[in-house]
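The values are calculated or read from the model by the stated rules, or taken from the named source; none is laboratory data. This is a predicted model, so every value here is computed, not measured. Cβ: placed from backbone, ideal geometry, glycine included. Neighbour counts: every protein chain shown.
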Amino acid sequence: MKTSLDIPDNELREVMKYTKAKTKREAILTAVSDYNHRQRLASLVGYFGTFDTLMTNEEVEALEDKEQSPHR
């Protein structure tokens, strides 16, 4: 999607510095992607402690072993 924005030069320079982007487009895409990633993580935090039961590591490994074994 093409969009025209008026981004303050100092903000854009800072984003390019922190993202090590070579172009303005790359810097903006990296910043937007990072923002979206952080928002998804923040929404997951809301689920922390809400599960009554979770699988143990041993149960997960047993399930993975079962899925990897050939079906006969």
Of the candidates Arg38, Arg25, the one satisfying the condition of being over 18 Å from the mean Cα position of the chain (by Cα) and of a type in the set (Lys, Arg) is Arg25
Across the stretch 28-72, the tally of residues that are within 30 Å of Met16 (Cα to Cα) and not β-branched (Val, Ile, Thr) stands at 14
For the stretch 23-59 the number of residues that are small (Gly, Ala, Ser), closer than 30 Å to Ser4 by Cα and modelled with pLDDT under 95 is 2
For the stretch 43-72 the number of residues that are surrounded by 10 or more Cβ atoms within 10 Å (Cβ to Cβ) and not hydrophobic (A, V, I, L, M, F, W, C) is 3
